[in-house]
Amino acid sequence: MKKMFLIFALVVIIVSTAGCWSSTEVKNLAIVSSVIYDMDDENNYLIKLNIVNPSAIGSADTGGGGNKKAGITLDGKGKSYTEALNDVSANVDRRLFADHNKVRFLTEKVATKDYAVINFLDFIMRDALTDESALFVVIRDEDKDKLYNSTATGLSNLIGTFLDELATTQQKYCSSMTHITTLDFIKANYADGKEAVAGTLFLEETDNIPSQNSGLEDQEIQYKIVYEGLALFKDYSLVGYMNGKETEIYNILTKQAKTGIVTIPKDEDFAALTWNKPKAIIKASYNGENAIFDIKIEGELTIDKMYIYNTSEEPFSDIMKTLKKEVSEQMKTRTSAAITKAQDYGSDIFGFGAMLHAQNPKAWRIIASDWEVYFKNATFNVECDFKINQQGEINKPFIK
């Protein structure tokens, strides 16, 4: 009995005294929200950190804290990213804390320079204070300082929080952007028959943006963030971009798309529809000379706006048949164009090589070493079949 009591007492003591021996008070940390990685013409590595402003904690997301900026930027420079980071640390009175970093931005100079991305990833993988969960985004603007001088149009004043929230909330409602983490990017570079992509943004001139803090005047902001499209990589180097519409096709073929919008013009009128639940069925084969991919895309359509001019002259059922056909043809054209663009760049971002590997391993062993050549000359047969869903909707144009 005494032995059991002693064991119980020891367990209680161990549990009650357990704690973080190396913990640091939050007030003593410089919490990183996002980071820009860049290089100058002398091959110096540049880092710009956006950290949470402790004196404006209330204003970052809740509208309090007065008119203080939610984020503070810190700059570092060195012959390596480690040296650049130490340059930042030497001039800040708190310990840098990167565990809550939301986004890693790469400038085009870093993304296109030989071995620069590899050096960056080597640093990320080795540094004990970084992880691979942060979003991976390329800035399409030479002046990186514009980013932290702009204002996100969402409810978050910190750029990192804004993009992180987009990745969380908009995946179900928008397929014109990609939400690629650092780990996603690394894994794609290790995969056979697939090239990596990254998110991308550019900055657009705009008029005054309403203040996020109640009671304050509108902020005079020169730029707003446009986060859409994707950046194509090949062998760790940026080779090109796809716009929002092309990115929708990428998300469909990689089974990540949820919904999107298509507009069908007719004289001075138009019909607008939302496509939902797209499904891409891809069959890969090899005929001894070329790789062949048969692609069938299926999905449902919901009518958002119907033709209203001259509709009385044509039966509504005929209009619907024609509309369904035109949507399928438009999506087929867009799909073929997006694939052709990737072929022109020689970057198999869709992972067609990986599909051929999975479906025909014997053929893949023959052509794997020259997949770039085979991908550029591959044949793609695209078929689209979208069905219009009218359940619970009016079955005639409103004007009738």
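The values are calculated or read from the model by the stated rules, or taken from the named source; none is laboratory data. If you're wondering where the values come from, they're calculated on a predicted model, not measured in any experiment. Please note: Cβ atoms are built from the backbone with ideal geometry, for glycine as well, and neighbour counts cover all protein chains shown.
Quick grid of which residues meet (1) farther than 29 Å from Gly193 by Cα; (2) of a type in the set (S, T, N, Q); (3) not assigned by TED's automatic domain parsing to the domain that holds Gln343:
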site	(1), (2), (3)
Lys266	yes, no, no
Phe270	yes, no, no
Asn276	no, yes, no
Ile297	no, no, no
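Only one entry in Ser80, Ser55 is in the same structural domain as Asn149 (by TED's automatic domain parsing), among the hydroxyl-bearing types (Ser, Thr, Tyr), exposed (fewer than 14 other Cβ atoms within 10 Å of the Cβ) and at pLDDT 75 or above, namely Ser80. Among the candidates Lys324, Lys362, the residue that is within 31 Å of the chain's Cα centre (by Cα) and either more than 16 Å from Glu195 (Cβ to Cβ) or at pLDDT 95 or above (or both) is uniquely Lys324. Being over 23 Å from Glu246 (Cβ atoms), hydroxyl-bearing (Ser, Thr, Tyr) and surrounded by fewer than 21 Cβ atoms within 10 Å (Cβ to Cβ) holds for only one residue in Thr333, Thr340, Thr322, and it is Thr322.
Which of the residues spanning the stretch 359-376 are among the aliphatic types (A, V, I, L, M) and touching a residue at least 40 places away in the same chain (Cβ under 8 Å)? Scanning the stretch 359-376 gives Ala363, Ile366, Ile367, Ala368. Residue check: Ile303 meets all listed conditions (1) out of contact with any strand residue (DSSP E or B) (no Cβ under 8 Å at 6 or more places or on another chain); (2) under 27 Å from Gln171 (Cα atoms) but one, namely (1). Specify the residue that is surrounded by the most Cβ atoms within 10 Å (Cβ to Cβ); the eligible residues are those in the stretch 379-390 that are under 17 Å from Asp348 (Cβ atoms) and under 27 Å from the mean Cα position of the chain (by Cα). If we take residues in the stretch 379-390 being under 17 Å from Asp348 (Cβ atoms) and under 27 Å from the mean Cα position of the chain (by Cα), then Val382 is surrounded by the most Cβ atoms within 10 Å (Cβ to Cβ). Can you tell me which residue within the stretch 58-77, out of those that are under 23 Å from Asp141 (Cβ atoms) and aliphatic (A, V, I, L, M), is modelled with the highest pLDDT? Residue satisfying both the conditions and the ranking: Leu74.
If the condition is being in contact with a Leu (Cβ under 9 Å, 6 or more places away or on another chain), touching a residue at least 40 places away in the same chain (Cβ under 8 Å) and β-branched (Val, Ile, Thr), then the stretch 261-309 contributes Ile261, Val262, Ile264, Ile282, Ile295, Ile297, Thr302, Ile303.
Taking helices (runs of 4 or more DSSP H) as the structural unit, those lying wholly within the stretch 271-389 and holding at least 1 residues that are in contact with a Pro (Cβ under 8 Å, 6 or more places away or on another chain) correspond to 316-345. Among the residues in the stretch 342-349, are any among the β-branched types (Val, Ile, Thr), at pLDDT below 95 and over 18 Å from Cys384 (Cβ atoms)? No: the stretch 342-349 contains no residue that is among the β-branched types (Val, Ile, Thr), at pLDDT below 95 and over 18 Å from Cys384 (Cβ atoms).
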